[in-house]
Amino acid sequence: MGPVSSLASILLATALALFGLFVLAVVASALPVQVLQRDWQQRFIELVIANSGFPIVGFAFVHLAAHVEPERLELFQLRQQLRRWAVLITVLYLLLIPLQLSITVRQFSDRTALQAEQRRRLSGQFSSFAALIRSAPDALSLQRQLTQANGPALSAADLAKPMPQLRQDLLAALRQAEAAMPATIQQATPLTPLVWAAVRDGLRLIGSSLLMAIAFAAGAQGRTSSRTLLMRLLSFWRSFRRRRYSRK
């Protein structure tokens with residue numbers, strides 16, 4: 001085996017190892033598979049993007065090996081087969097973009113649903129406490145009922161008040177707490193961190209997906225096409241712009 005053949009074999013072996021590392025890193029860390037779960041989808045996107053260097057370098061190494069030793073038919077066939085697969089890989093990377101966008105939308109909708117559920121639950125508690133306060137015959141009975149309902153505890157000063165005054169004060173405090181409920185829920189589930197997380201993930205994951213799609217499209221080639229997918233897309237874009245300018 002000559003030095004050229006040896007180099008081509010090393011490049012091929014390295015490329016196959018990189019492909020294998022990508023599959024192992026993504027598949028092993030994505031188990032158990034829960035395709036419909038938002039957290040699993042987010043983890044899957046993170047894994048694919050974090051390990052994308054393996055397949056793109058392996059893709060380049062196969063091309064380099066075929067260039068180093070062009071007379072080896074198996075290298076040429078492997079390169080052409082990978083170029084056809086690269087069309088699908090390009091599409092899959094592009095599909096990660098709407099998937100990430102849908103995850104972001106669901107994060108905001110889940111926050112809205114959680115806040116609505118918290119408001120409903122707390123409104124029910126307030127209504128229940130108000131009914132206990134209005135129906136209790138005396139302070140001791142009210143204290144016992146509130147304790148059973150996991151409500152607020154009455155202080156010694158509260159127990160010393162006349163029942164009409166205690167009832168009035170407790171209902172006023174309850175109305176005040178209910179009025180402050182929206183602000184309390186907002187503080188418990190703030191919007192700003194969620195927005196910044198969406199911006200960071202959007203720039204990093206969506207941008208990375210687009211760059212990887214462009215990288216694979218540069219080498220992607222259909223079975224019947226003599227040009228790469230990126231060249232065809234750029235040609236389509238240039239012709240679209242020419243038609244647009246010609247109409248003006």
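The values are calculated or read from the model by the stated rules, or taken from the named source; none is laboratory data. Values in this document were obtained by computation on a predicted structure and should not be read as measured data. Don't worry about glycine lacking a Cβ; one is built from the backbone with ideal geometry, like all the others, and counts go over all protein chains shown. Areas reflect the complete protein model, heavy atoms only, side chains present, ligands, DNA and RNA absent. Shrake-Rupley method; radii C 1.70, N 1.55, O 1.52, S 1.80 Å.
What is the number of the single condition among (1) under 25 Å from R120 (Cβ atoms); (2) among the basic types (K, R); (3) within 39 Å of the chain's Cα centre (by Cα) that R134 does not meet?
That leaves (3) as the condition not met.
Looking only at the stretch 219-241, count every residue that is open to solvent by 90 Å² or more (accessible area, probe 1.4 Å) and without any contact (Cβ under 8 Å) to a residue 24 or more places away in the chain and tell me the total.
Of the residues in the stretch 219-241, 10 are open to solvent by 90 Å² or more (accessible area, probe 1.4 Å) and without any contact (Cβ under 8 Å) to a residue 24 or more places away in the chain.
Quick check on my filter: what residues within the stretch 85-115 are in contact with a Phe, Trp or Tyr (Cβ under 7 Å, 6 or more places away or on another chain) and open to solvent by less than 50 Å² (accessible area, probe 1.4 Å)?
Passing the criteria: A86, T90, Y93.
Please specify each residue of the stretch 37-84 satisfying the condition of being open to solvent by less than 80 Å² (accessible area, probe 1.4 Å), outside any helix (DSSP H, G or I) and among the charged types (D, E, K, R).
E69, R72
If only one of V33, V57, V62 is of a type in the set (V, I, T), farther than 22 Å from S6 by Cα and free of Cβ contacts under 8 Å to residues at least 60 places away in the same chain, which one is it?
So the residue among V33, V57, V62 that is of a type in the set (V, I, T), farther than 22 Å from S6 by Cα and free of Cβ contacts under 8 Å to residues at least 60 places away in the same chain is V33.
Could you please let me know if R175 is surrounded by 11 or more Cβ atoms within 10 Å (Cβ to Cβ), free of Cβ contacts under 8 Å to residues at least 12 places away in the same chain and within 30 Å of R84 (Cα to Cα)?
Considered against the rule, which asks whether it is surrounded by 11 or more Cβ atoms within 10 Å (Cβ to Cβ), free of Cβ contacts under 8 Å to residues at least 12 places away in the same chain and within 30 Å of R84 (Cα to Cα), R175 comes out as no.
Identify the residue in the stretch 183-197 that is in a helix (DSSP H, G or I) and in contact with a helix residue (DSSP H, G or I) (Cβ under 7 Å, 6 or more places away or on another chain) and, among all such residues, is least open to solvent (accessible area, probe 1.4 Å).
Ranking the candidates gives I185 first.
Can you find, within the stretch 24-36, the residue that is farthest from L210 (Cα to Cα) among those that are among the hydrophobic types (A, V, I, L, M, F, W, C) and assigned to a helix (DSSP H, G or I)?
Residue satisfying both the conditions and the ranking: A28.
Scan the stretch 211-218 and tell me whether some residue there is modelled with pLDDT of 85 or more, more than 20 Å from P98 (Cβ to Cβ) and either open to solvent by less than 70 Å² (accessible area, probe 1.4 Å) or assigned to a helix (DSSP H, G or I) (or both).
Within the stretch 211-218, one or more residues are modelled with pLDDT of 85 or more, more than 20 Å from P98 (Cβ to Cβ) and either open to solvent by less than 70 Å² (accessible area, probe 1.4 Å) or assigned to a helix (DSSP H, G or I) (or both).
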